[in-house]
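One structure is given below, encoded as structure tokens.
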Amino acid sequence: MTTLTGCAALEVRTAPASATLVTPEGAAWLASACALPHETLAAWRARPAAPAALPCGTAFDVVNVPLVLGRRMLDLLWAEGPGSGPAAVHRGRTLLFAAPGTAQRLPALLAWEEWGETAAAPLCHGRGDAVTVPPLAPSPGPSRWLVAPDSRRPWLPGADSLLWAFLHAARLQVSIFGSADPDANV
């Protein structure tokens, strides 16, 4: 993994643009989270198949949820909601890129909602945190883009959209699987 403190665009792609390929504009947006975007872009050009750690809180926040719950949230956001911003899978978790400030606001909204903890609370990464993002170039491994950044100003959902998706996905999970019986012998 490459840890980047500064951030540039990947200039060479062989495949046509798709939802899972980071465009040069998307790479520039990701790099804008760093103190030195040009250095980050240079590191990506040198190693496009390496994941990178990027700071949160300026260009984006990240809401981190278990894989299946995250896929349900994405499905709901696209089917019934406003859509999603960039989203990735890293080590069995879904990373939903969100508007800056979401990491601070979402936990407070969840507490106010009294959602009953039908699913594990999302991990919210904001100012002062960093997340590992998948490589810009597709490569085998535990990280990949589900919805890759494709512009310098991608739409990012806020806490209200992610709260809605989380609550509906968590309730769907309970209705599909039922509530767990701690004494069940499975």
> Amide H neighbours of S143 under 5 Å, counting only residues 5+ apart in sequence or on other chains, H built in-plane at 1.01 Å?
Replying inline: R91
>> Given a 1.4 angstrom probe, I'd like the percentage of the accessible area of region 21-71 that is carbon and sulfur, rounded to a whole number.
In response: 64
>> If each residue of separation counts as 0.36 nm, what is the full-extension length gain between D129 and R91 once their alpha-carbon separation is subtracted?
In response: 11.9 nm
> Given a 1.4 Å probe and the protein chains all in place, what does the accessible area of T23 round to, in Å² to the nearest 10?
Replying inline: 10
>> Using a 1.4 Å probe on the protein heavy atoms only, what accessible surface does E39 show? Give it in Å² to the nearest 10.
In response: 110
> Which value in nm describes the separation of the simple spin-label points at R153 and A111, placed 7 Å from the Cα toward the beta carbon?
Replying inline: 3.4
> Hey, could you pull the Cα Rg and Dmax for region 20-126, both in Å?
Replying inline: 15.1, 47
> Largest first, what is the accessible-area ranking of H168, H38, H125 with a 1.4 Å probe?
Replying inline: H38, H168, H125
> Using the Cβ atoms and a cut-off under 15 Å, what net charge is assigned to the surroundings of V62, where Lys and Arg are +1 and Asp and Glu are -1?
Replying inline: +2
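The values are calculated or read from the model by the stated rules, or taken from the named source; none is laboratory data. Because the structure is predicted, anything quoted here is derived from the model rather than measured. Glycine gets a Cβ as well: all are built from the backbone with ideal geometry, and neighbour counts include every protein chain shown. Surface areas here come from the heavy atoms of the whole protein model, side chains and all, with no ligands, DNA or RNA. Shrake-Rupley method; radii C 1.70, N 1.55, O 1.52, S 1.80 Å.
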